[in-house]
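See structure below.
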Amino acid sequence: MDLTKYPLIENISIAKLKQFDEEKLVEFSAEVRAFLTIELSTLGGHIGPNLGVVELTIALFRVFNSPKDSFFWDIGHQCYVQKIITGRADKFDTLRQYEGLSGFVKRQESEHDIWEAGHASTSLSGACGLSVQQHLKGLQNHIISIIGDGALSGGMALEALNHIGDLELPHIIILNDNNMSISRNVGALSKHINGLRINPKYVKVKKGTKLALSKIHLEKHLGGTIRNVKNMVKKMILKDDGHTFFETMNIEYLGPIDGHNLEQLEHALEHAKSRKRPILLHVLTIKGKGYMPAEHDDTGLWHGIGPYSYENGKKNRKKNRSLRQWSSVISETLERLAQKDDNIIAITPAMIKGSKLTFFAEKFPNRIFDVGIAEEHAMTFAAGSALNNGLRPFIAIYSTFLQRAYDQLLHDVARQNLHIIIGIDRCGFAGGDGETHHGIYDISLMRTIPNLTIMMGKDAVETQYLLYNAFYNYPQNRPYAIRYPRGYTDFEYVSSFLEIAHGSWEIVKLGTDVTILCFGSNVQMAEEIAATSAMQYVSIKIVNARFIKPFDEKMLHQIFQLDKKIITIEEGIRAGGFGSGILEFKSEHNYTTPVKILAIPDEYIEQGDNKILRKNAKIDENALYKAIMNSIL
């Protein structure tokens with residue numbers, strides 16, 4: 001990447017950044033924002049979160065000594081500025097691409113990337129562990145966690161706060177408060193933080209006090225007196241005993257602080273360095289700061305975005321009215337059902353927009369529950385709502401985030417035979433988001449759970465049928481999981497919902513040489529391969545195994561008794577997956593028919609175009625073609 005038009009970025013180093021005067025810092029901040037908004041317009045990415053932490057990241061690298069001092073970025077998608085400061089700007093044309101720069105913190109990229117994450121609420125626990133390590137080894141390096149106000153509502157973060165306050169070890173927590181995660185933040189803790197943020201009296205007093213202290217440098221000499229004054233001010237302004245939530249957890253609170261004022265930030269961070277106990281800095285930032293389309297976004301569009309026009313911020317995508325996002329197929333079907341059934345409710349862990357439930361929320365505001373970044377609570381909350389067949393809850397959740405609710409699904413939902421529908425979004429590879437977001441583990445995880453039905457339609461029409469049947473035609477004493485991928489599909493409303501027998505598979509093409517067992521989009525891929533001229537002399541049977549659990553055992557017995565060879569294919573991990581289940585069935589019934597499994601190997605898969613990832617995992621068209629040819633030779 002040519003960096004000559006960004007001279008400060010081209011020559012940046014941590015040492016140089018520490019020497020910048022006020023004018024150079026302003027210039028560098030502006031250059032970073034220009035770089036992010038212009039250069040990433042062709043690739044997209046997490047633009048909004050990174051524009052919001054420009055000054056904060058600069059202040060961190062100026063005040064602390066990375067990598068000796070450790071930065072724990074929660075989720076890690078707001079690390080672009082850190083990558084720039086640590087010499088990776090020239091690789092930004094490969095951001096989120098195959099074998100390119102990761103869109104998240106990546107330990108193998110740099111010694112400054114200490115903590116990897118793609119899920120929220122992990123930074124405090126990780127940093128807490130490192131603080132104990134340093135304490136036991138007699139080290140005194142600084143540990144800094146940066147966590148958003150949305151991620152702070154996650155149960156894991158609250159568990160960590162409880163432990164941090166109890167240990168009383170040095171730990172600097174930066175609450176990056178922009179009042180947004182992907183969607184608007186919700187919950188009582190969010191309201192408490194918002195109260196601290198908007199209380200005009202408190203903010204005015206704090207700003208005035210901090211500004212005066214930063215100019216005359218008296219705080220270090222009059223620390224005790226000043227703290228007493230601050231506490232008195234808080235008691236006059238805040239409710240109850242004047243303590244914030246964090247102070248009740250034995251964590252010192254400092255803020256609110258202007259997250260775009262470098263002088264205030266550096267002064268606050270220097271103060272935090274001097275504390276020998278846990279301290280939380282409440283930093284107010286603006287998501288998308290400096291780029292109008294992102295800064296004025298209140299829908300979450302600019303949290304993570306694809307290619308866009310830098311001039312006007314519009315997404316570079318041609319609309320095709322015959323296509324729908326898979327999330328929309330599910331949400332629009334859910335709306336149709338909910339119009340006739342007052343017992344249907346929708347639950348989402350901070351993903352109203354991502355799961356396309358915006359219109360459901362508008363139509364049924366009293367029947368949608370955004371529980372915040374709290375997947376575990378979402379699942380058990382759904383269980384409670386379904387008790388005694390009281391309500392029919394639908395949970396919209398990304399496959400990668402469903403991992404966090406495994407125990408609740410196993411222990412609270414399936415074990416109690418509760419009728420809950422789980423819409424598992426973003427199944428399969430997640431493209432540029434990489435290994436933390438690939439939805440390739442849910443089949444292996446869920447196959448271990450008794451009473452749970454796992455389904456995946458071959459197209460949008462069948463998916464609508466399956467969703468309807470899960471609500472009304474299948475046994476009401478068990479949960480149902482319906483999988484669907486990221487991206488777009490051909491879509492048409494079904495005029496009426498047809499019944500599909502529970503656990504039934506479908507033969508979509510007859511054949512005698514080889515049988516392909518598949519589901520989802522792999523059904524269409526198998527059909528396309530079978531229709532090629534290269535396959536004109538090969539008799540291929542294609543089975544739509546739309547029920548991943550339970551199997552259609554009647555049909556499966558017939559296949560093993562009559563067919564010559566079997567190939568299974570899935571965009572999921574091999575260990576414990578669909579193909580493994582077929583081998584279990586074969587072993588249990590002592591069949592000898594050869595089975596070839598095409599699935600993702602036992603390794604983490606990095607980011608990249610899904611076609612490249614499928615090719616490398618040997619689950620693409622070419623791999624299936626070779627498997628077919630090898631089976632008949």
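The values are calculated or read from the model by the stated rules, or taken from the named source; none is laboratory data. Worth saying up front: this structure is predicted, and the values here are computed from it rather than measured. Every residue, glycine among them, receives a Cβ derived from its backbone with ideal geometry; neighbour counts consider all protein chains shown. Accessible surface areas use protein heavy atoms only, side chains included; no ligands, DNA or RNA. Shrake-Rupley method; radii C 1.70, N 1.55, O 1.52, S 1.80 Å.
Some values worked out for this structure:
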| quantity | calculated |
| --- | --- |
| Failed item, numbered, when residue 475 is tested on (1) under 24 Å from residue 563 (Cα atoms); (2) touching a strand residue (DSSP E or B) at 6+ places or on another chain (Cβ under 9 Å); (3) of a type outside the set (S, T, N, Q) | (1) |
| For residue 37: the one exception among (1) open to solvent by 10 Å² or more (accessible area, probe 1.4 Å); (2) in a helix (DSSP H, G or I); (3) touching a residue at least 60 places away in the same chain (Cβ under 8 Å) | (1) |
| Whichever residue in region 486-520 is modelled with pLDDT under 95 and surrounded by 19 or more Cβ atoms within 10 Å (Cβ to Cβ) and, among such residues, is nearest to residue 461 (Cα to Cα) | 491 |
| Residue match in region 435-450 (condition: modelled with pLDDT under 95 and more than 25 Å from residue 324 (Cα to Cα)) | yes |
| Failed condition for residue 564, given (1) under 22 Å from residue 631 (Cα atoms); (2) of a type outside the set (S, T, N, Q); (3) modelled with pLDDT of 95 or more | (3) |
| Tally, over region 258-284, of residues that are open to solvent by less than 10 Å² (accessible area, probe 1.4 Å) and either of a type in the set (A, V, I, L, M) or under 20 Å from residue 29 (Cβ atoms) (or both) | 9 |
| Region 359-380, residues that are outside any strand (DSSP E or B), touching a residue at least 12 places away in the same chain (Cβ under 8 Å) and open to solvent by 60 Å² or more (accessible area, probe 1.4 Å) | 359, 363, 376, 377 |
| Candidates 622, 590, filtered to the one that is polar (S, T, N, Q), surrounded by fewer than 19 Cβ atoms within 10 Å (Cβ to Cβ) and under 30 Å from residue 306 (Cα atoms) | 622 |
| Test result for residue 193, modelled with pLDDT of 90 or more and either buried (at least 24 other Cβ atoms within 10 Å of the Cβ) or of a type outside the set (Gly, Ala, Ser) (or both) | no |
| Members of region 489-529 that are without any contact (Cβ under 8 Å) to a residue 24 or more places away in the chain and within 27 Å of residue 610 (Cα to Cα) | 527 |
| Number of positions in region 107-144 that are touching a Ser or Thr at 6+ places or on another chain (Cβ under 7 Å), without any contact (Cβ under 8 Å) to a residue 60 or more places away in the chain and not hydroxyl-bearing (Ser, Thr, Tyr) | 6 |
| Residues located in region 381-407, provided they are within 18 Å of residue 443 (Cβ to Cβ), part of a helix (DSSP H, G or I) and either open to solvent by less than 60 Å² (accessible area, probe 1.4 Å) or among the aromatic types (Phe, Trp, Tyr) (or both) | 399, 400, 401, 402, 404, 405, 406 |
| Residue within region 329-343 that is of a type in the set (A, V, I, L, M) and assigned to a loop (DSSP other than H, G, I, E, B) present | no |
| Residue in region 122-137 that is surrounded by 23 or more Cβ atoms within 10 Å (Cβ to Cβ), under 19 Å from residue 433 (Cα atoms) and not basic (Lys, Arg) present | yes |
| Unique match (being buried (at least 21 other Cβ atoms within 10 Å of the Cβ), more than 22 Å from residue 310 (Cα to Cα) and at pLDDT below 95) among 58, 47, 75 | 75 |
| Scan of region 15-33 for residues that are among the aliphatic types (A, V, I, L, M) and open to solvent by 30 Å² or more (accessible area, probe 1.4 Å), ordered by number | 15, 26, 30 |
| Flag for residue 112 being in contact with a Pro (Cβ under 8 Å, 6 or more places away or on another chain) and either open to solvent by less than 30 Å² (accessible area, probe 1.4 Å) or closer than 21 Å to residue 44 by Cβ (or both) | yes |
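Listed here are the residues, each with its yes/no results for (1) touching a strand residue (DSSP E or B) at 6+ places or on another chain (Cβ under 8 Å); (2) more than 22 Å from residue 610 (Cα to Cα).
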| residue | (1), (2) |
| --- | --- |
| 541 | yes, yes |
| 547 | yes, yes |
| 554 | no, yes |
| 561 | no, yes |
| 577 | yes, no |
| 588 | no, yes |
